[in-house]
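Trainee: One structure, as structure tokens, below. Some questions next.
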Amino acid sequence: MKWLACELHTHTLHSDGSQTLEELAAGAVKLGFDAMALTDHNTMSGLAGKDVIASQFGLLILPGMEWTTFHGHMVTIGLSEYVDWRSADRSQIDEGIQEVHRLGGLAGLAHPFRIGSPACTGCFWEYEIQDWSVVDYIEVWSETFASIRTNNRRAYALWTDRLNEGLRISATSGRDWHAQKETGDPLSVTYLGIPEGELTTEEQLVNALREGRASVTMGPLLLLTVSLDGQSYGLGSMIQSSPQAQTKDQGELQADITIDFSVRPGLWSLPEQKFKLILCSDRGQELDAEVVWNGERSDDKWLRLSGLPLSSEPRKWLRAELWGTVRKVNTLIAFTNPIYFD
């Protein structure tokens with residue numbers, strides 16, 4: 001896999017942003033992004049000329065739109081055709097999502113627990129989802145320094161609850177980027193994985209998000225694989241040979257974790273410290289370890305933990321989390337999307 005840094009929630013002056021698409025693309029490249037999604041409110045007019053701008057800046061620009069209603073905001077990504085949001089009913093949002101799917105797009109809950117009316121009408125998610133399996137992803141980190149925000153912690157817990165119910169829903173970050181303003185706050189990045197050696201396309205990135213090949217971070221790229229019987233499973237994979245049926249003949253279930261500190265060089269910083277690495281699942285915390293990083297030394301850009309033994313007890317999903325100190329706050333720094341078990 002190769003992992004591309006993506007910003008999946010942006011706006012231009014075609015809705016309530018104060019930037020052109022060209023200014024947004026220039027800002028994204030400056031911040032080390034390989035791809036971005038334009039998700040203006042209730043319009044796709046800002047995508048005019050996107051291919052020329054994408055070529056100019058060497059950046060993939062995913063077509064999207066944020067459904068902005070009184071009952072919630074829903075980000076749609078991967079659509080080349082407008083889907084009318086105006087008929088969305090509070091109890092029938094599933095139908096709107098299915099129409100997005102019919103046209104090849106993905107639908108995700110945007111900042112579902114942000115304060116709503118009157119401060120931000122419709123920002124708080126109030127749609128009654130009848131079938132959660134139609135939801136593709138949840139934007140669990142929104143805005144800058146996302147991990148310390150209470151509304152994002154609630155979104156992260158919502159995502160975890162849905163995973164515990166056996167659903168396969170991806171998790172992303174989104175700055176909700178409206179203007180080219182400097183910020184000293186940590187920025188979060190959604191990394192999407194596509195096959196190494198293949199030409200990178202918009203469709204591949206959309207498919208990576210659809211399949212859960214995603215990792216979210218405010219710093220290093222965190223990756224997880226699980227091996228069983230000589231076969232390796234990456235983020236978003238389903239392990240069909242479940243631990244419930246594991247025998248000695250099947251071999252041991254093991255996890256491998258990589259922390260890549262070389263990504264987006266010079267665009268983020270963390271103090272030298274001991275990080276806490278956690279593997280967790282619907283069974284709770286399964287493993288934790290301390291990993292030491294010495295800061296900016298060029299000989300310490302990767303950390304790998306290999307062959308970590310996993311219990312044969314049944315589980316539905318498994319993800320990795322990296323905890324540490326940011327701005328003197330102990331917080332979640334990075335997390336992977338899950339590997340699933342049948």
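Trainee: So if each residue of separation counts as 0.36 nm, and I subtract the Cα-Cα distance between CYS120 and ASN294, what length gain in nm does that give?
Mentor: Values: separation 174, 0.36 × 174 = 62.64 nm, distance 4.19 nm.
Result: 58.4 nm gained on full extension.
Trainee: Around LEU62, which amide H atoms from residues at least 5 apart in sequence, or from another chain, sit under 5 Å from its own amide H, with H modelled in the peptide plane?
Mentor: MET36, ALA37, LEU38
Trainee: Between GLU252 and LYS2, how high is the FRET efficiency from 1/(1 + (r/R0)^6) when r is the Cβ-Cβ distance and R₀ = 30 Å? Nearest 0.05. Let's see the in-between values first.
Mentor: Values: r = 29 Å, r/R0 = 0.96.
It comes out at approximately 0.55.
Trainee: Further, regarding this structure: Just to confirm a number: summing +1 for Lys and Arg and -1 for Asp and Glu over residues other than GLU286 whose beta-carbon lies under 15 angstrom from that of GLU286, what do you get?
Mentor: Overall, the nearby charge balance is -1.
Trainee: GLN56 to ILE129: extension gain in nm, 0.36 nm per residue of separation minus the Cα-Cα distance? Before the final figure, lay out each step's value.
Mentor: Working: separation 73, 0.36 × 73 = 26.28 nm, distance 4.05 nm.
Contour length minus the Cα-Cα distance gives 22.2 nm.
Trainee: Quick check on the stretch 34-176: what are the equivalent-ellipsoid semi-axes from the Cα gyration tensor, as sqrt(5λ), descending, whole Å?
Mentor: Those come to 24, 18, 15 Å.
Trainee: Can you pull the percent of the stretch 65-158's accessible area that's carbon plus sulfur, 1.4 Å probe, other chains left in place?
Mentor: Numbers: 1940 of 4010 Å².
Reported share for carbon and sulfur atoms: 48 percent.
Trainee: Mind listing the lone cysteines of the chain, meaning no other Cys beta-carbon sits under 4.7 Å from theirs?
Mentor: When partners are defined as cysteine Cβ atoms under 4.7 Å apart, the chain leaves CYS6, CYS280 without one.
Trainee: What is the ratio of the Cα radius of gyration of the chain to 2.2 N^0.38 Å, where N is its residue count, to two decimals?
Mentor: Computed over Cα atoms of the chain, the ratio equals 0.97.
Trainee: With all distinct Cα pairs included, what does the Kirkwood hydrodynamic radius of the stretch 151-261 come out to in Å, to one decimal, could you say?
Mentor: The Cα-based Kirkwood calculation yields 16.6 Å.
Trainee: Charges only on Cβ, +1 for Lys and Arg, -1 for Asp and Glu: so what's the dipole of the chain about the Cα centre, in debye to the nearest 20?
Mentor: Taking the Cα centre of the chain as origin, the dipole is about 840 debye.
Trainee: Next question. For every helix of n ≥ 4 consecutive DSSP H residues, a contribution of -39,500 (n - 2.57) applies; sum these over the chain, divide by its total residues, and give [θ] at 222 nm rounded to the nearest 500 deg cm²/dmol. Please report the intermediate quantities before stating the final value.
Mentor: On the way: 5 runs with 53 residues, N = 342.
Value at 222 nm, helices only: -4500 deg cm²/dmol.
Trainee: Next up: What do the square roots of 5 times the Cα gyration tensor eigenvalues come to for the stretch 54-114, in whole Å, largest first, as semi-axes of the equivalent ellipsoid? Walk me through the intermediate numbers first.
Mentor: Details: eigenvalues 111, 39, 15 Å².
They are 24, 14, 9 Å, listed largest first.
Trainee: Probe of 1.4 angstrom, ligands and nucleic acids ignored: what's the accessible area per residue over the chain, in square angstrom?
Mentor: 42
The values are calculated or read from the model by the stated rules, or taken from the named source; none is laboratory data. Every value quoted in this text rests on a predicted model; they were computed, and no experiment measured them. Cβ sites come from the backbone with ideal geometry, for glycine too, and all protein chains shown count toward neighbours. These area figures cover heavy atoms from the full protein model, side chains too; ligands, DNA and RNA do not enter into them. Shrake-Rupley method; radii C 1.70, N 1.55, O 1.52, S 1.80 Å.
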